[in-house]
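Participant: Okay, here's the structure, questions in a sec.
The values are calculated or read from the model by the stated rules, or taken from the named source; none is laboratory data. Predicted, not measured: the structure shown is a model, and the values here were computed from it. Every residue, glycine among them, receives a Cβ derived from its backbone with ideal geometry; neighbour counts consider all protein chains shown.
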Amino acid sequence: MIIREITDKDFDGLLKLYMQLHDNPFPAKDERVMEVWEGILNDENHHIIVADEDGTIVSSCVCVIIPNLTRGQRPYAFIENVITDKDHRKNGLAKACLNYARDIAKSKNCYKMMLLTGSKEESTLKFYEQAGYNKNDKTAFVQWL
């Protein structure tokens, strides 16, 4: 198992995994979708971390570094799209991806990492707490657009 950042060859594998996230359909590789993909690949602040098992992406998370004018101009990191393939769960893969993201955030001098989850399942909330996140310091609000 290798934990690494995505490459340009990972589009199909990542989107196949994302089909398990909110029942996303596999998108057509049209100009708009590929423009988004290229934008992510070329954005030095956008990191998609994956667990690669023999060339198959089985877990992933996104870590976006956000420049900031407060806290001594130190950036912060936002974690999103944490997913592990249903047949590979409970093997520490998501935690390994999150740890890789934490290493990126530390290397970028971030002062904090934030993660939101829509899950209300106790096992998911406990997982995030065991991975070092807490639900007591901040209150999250979401406005869907």
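Participant: Answer yes if at least one residue in region 106-116 is polar (S, T, N, Q) and on the phi > 0 side of the Ramachandran plot, and no otherwise.
Facilitator: yes
Participant: Does region 49-63 hold any residues that are buried (at least 21 other Cβ atoms within 10 Å of the Cβ) and within 18 Å of Thr117 (Cβ to Cβ), and which are they?
Facilitator: Result: Ile49, Ser59, Ser60, Cys61, Cys63.
Participant: In this structure, does Gly118 turn out to be at pLDDT below 95 and closer than 24 Å to Gln20 by Cβ?
Facilitator: Yes: the conditions hold for Gly118.
Participant: What pairs come up if the first residue lies in region 118-145 and is surrounded by 12 or more Cβ atoms within 10 Å (Cβ to Cβ), the second is of a type in the set (Gly, Ala, Ser), and their beta carbons are under 8 Å apart, counting only those six or more places apart or on different chains?
Facilitator: Close Cβ pairs satisfying both conditions: Leu125/Ser119; Phe127/Ala94; Ala131/Ala94.
Participant: Kindly indicate whether Lys106 is among the charged types (D, E, K, R), under 17 Å from Val64 (Cβ atoms) and out of contact with any strand residue (DSSP E or B) (no Cβ under 6 Å at 6 or more places or on another chain).
Facilitator: yes
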